[in-house]
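**Q** Please find one structure pasted underneath; my questions will follow.
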Amino acid sequence: MSINQKIEASLLAFNTNDETILQAQLNKMQKAGIDIIHYDVMDNVFVPNTAFDVEFLDLIFLKGMKSNVHFMVQHPLKYIKRFLLHPCNCIIFHPECTNKLFASYLLNKIKKANVKCGLAFKPQTDLNKYKKLIKKCDYVTIMGVNPGFGGQKFMENETMNNLKVINEIKKELNPNLIIQLDGGVNFEVVKKTAKYVDNFISGSFLIKLENPKDFVETVKKI
């Protein structure tokens, strides 16, 4: 892992029902050197689950941390309009939910608001079909599991293939692209994927660690 690689803590694994506990968990991540919160938004349509709206964005911002927002929703435009009214470092959505022309429009809309933009892809998606869109992105999120739930097992075959493909696209079209891996991230997965990934997103594994700084330090040495 290079010095430029980062770990993002997934808000899905935090206790968002108790603000005192949530604050303590955010403090724990900051002390470990983690300053990006991966902020999942789910609509129970695109994926069979629901998750956050804008309610924690201001809190994360006031803690001095960044929010990378990941929409797993069927109609991203209505969410984008609302989230752009709050502090976001990056807004990412799934192009599988729409056509390429509209996805391009959404990327442009995010960029015009001076927010970084990105796309997320399911493990089964053929990334080569989205090259022109990926060229416009600041981030691409490669899912290591099917989107919708935390704590799933890493889908190695599909994910490794997608990581290799997105690295080829990065070299060809978008050398500044930040490649994220989301789902099933632990020590073993980091070892297998480190040369292909810029940012690792970890939730349940990370939050259960007594000292997440150990994970941060260990990953840096891989």
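The values are calculated or read from the model by the stated rules, or taken from the named source; none is laboratory data. Quick caveat, the model's predicted, so the values are computed rather than measured. Here the Cβ positions follow ideal geometry from the backbone for every residue, glycine too, while neighbour counts run over all protein chains shown. Quick note on the areas: whole protein, heavy atoms, side chains included, nothing else; ligands and nucleic acids left out. Shrake-Rupley method; radii C 1.70, N 1.55, O 1.52, S 1.80 Å.
**Q** Identify the residue in the stretch 3-23 that is part of a loop (DSSP other than H, G, I, E, B) and more than 19 Å from Ala194 (Cβ to Cβ) and, among all such residues, is least open to solvent (accessible area, probe 1.4 Å). Break it down stepwise before answering.
**A** Just the residues of the stretch 3-23 that are part of a loop (DSSP other than H, G, I, E, B), to begin with: 3-5, 14-18.
Right, trim to more than 19 Å from Ala194 (Cβ to Cβ) and you get 14-18.
On the way: Phe14: 16, Asn15: 51, Thr16: 36, Asn17: 152, Asp18: 61 Å².
Restricting to residues being part of a loop (DSSP other than H, G, I, E, B) and more than 19 Å from Ala194 (Cβ to Cβ), the top hit is Phe14.
**Q** Could you please find all residues in the stretch 113-135 being basic (Lys, Arg) and within 19 Å of Phe83 (Cβ to Cβ)?
**A** First pass over the stretch 113-135, keeping only residues basic (Lys, Arg): 116, 122, 129, 131-132, 135.
Matches in the stretch 113-135: Lys116 only.
**Q** Can you find even one residue in the stretch 90-104 that is closer than 15 Å to Asp138 by Cα and surrounded by fewer than 21 Cβ atoms within 10 Å (Cβ to Cβ)?
**A** Yes, there is a match, as at least one residue in the stretch 90-104 is closer than 15 Å to Asp138 by Cα and surrounded by fewer than 21 Cβ atoms within 10 Å (Cβ to Cβ).
**Q** May I pose another question? Pick from the stretch 56-85 the residues that are open to solvent by 50 Å² or more (accessible area, probe 1.4 Å) and not hydrophobic (A, V, I, L, M, F, W, C): which of them is farthest from Pro147 (Cα to Cα)?
**A** Gly64
**Q** Consider Thr218 carefully, then state whether it is under 21 Å from Met72 (Cα atoms), hydroxyl-bearing (Ser, Thr, Tyr) and either in contact with a strand residue (DSSP E or B) (Cβ under 9 Å, 6 or more places away or on another chain) or open to solvent by 40 Å² or more (accessible area, probe 1.4 Å) (or both). Reasoning before the result, please.
**A** Numbers: under 21 Å from Met72 (Cα atoms): no; hydroxyl-bearing (Ser, Thr, Tyr): yes; either in contact with a strand residue (DSSP E or B) (Cβ under 9 Å, 6 or more places away or on another chain) or open to solvent by 40 Å² or more (accessible area, probe 1.4 Å) (or both): yes.
Against the criterion (under 21 Å from Met72 (Cα atoms), hydroxyl-bearing (Ser, Thr, Tyr) and either in contact with a strand residue (DSSP E or B) (Cβ under 9 Å, 6 or more places away or on another chain) or open to solvent by 40 Å² or more (accessible area, probe 1.4 Å) (or both)), Thr218 does not qualify.
**Q** Also, quick follow-up: Could you tell me which residue of the stretch 130-153 is nearest to the chain's Cα centre (by Cα), considering only residues that are among the aromatic types (Phe, Trp, Tyr) and open to solvent by 30 Å² or more (accessible area, probe 1.4 Å)? Explain how you work it out, then say what you get.
**A** In the first step, residues of the stretch 130-153 are kept if they are among the aromatic types (Phe, Trp, Tyr); the result is 130, 139, 149.
Pick out the ones that are also open to solvent by 30 Å² or more (accessible area, probe 1.4 Å) and you get 130, 149.
Working: Tyr130: 18, Phe149: 13 Å.
Checking each candidate, the answer is Phe149.
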